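Each remark here refers to the structure printed beneath this line.
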Amino acid sequence: MDQKQIFRQMLDLNKMAFNNAFNAMVMVQDQTEFLANNMLNQSTTIPEEGKKAIRELVSSCKMGVTEYKNTVDAAYKQVENFF
């Protein structure tokens, strides 16, 4: 087996493992967001400013996750271009 082929298989395995773990994390995050939104909508004790702050936090977390995924995908693309 060629070294490039071995490295390509290792890279593909690593990328697949990352994507699976990332997708699982996103599913957990989406479910948590759904539950938090239900709680916020049903709560009468949390003021609107607090609800707005929590929604902004969730939104910024989602943007961060998307940015992280794009960065990792770009890094994998750079490594793949070497081979």
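Here are a few things to note about the model shown:
- Test: residue in the stretch 27-38 that is assigned to a helix (DSSP H, G or I) and either in contact (Cβ under 8 Å) with a residue 40 or more places away in the chain or charged (D, E, K, R) (or both): yes
- Selection within the stretch 43-74 - in a helix (DSSP H, G or I), surrounded by fewer than 11 Cβ atoms within 10 Å (Cβ to Cβ) and not charged (D, E, K, R): S60, M63, G64, N70, T71, A74
- Residue in the stretch 11-28 that is exposed (fewer than 11 other Cβ atoms within 10 Å of the Cβ) and farther than 30 Å from F82 by Cα present: yes
Values quoted throughout were computed directly from the atomic coordinates according to the rules given, and no laboratory measurement underlies them. All values derive from a computational prediction rather than experimental measurement. Cβ: placed from backbone, ideal geometry, glycine included. Neighbour counts: every protein chain shown.
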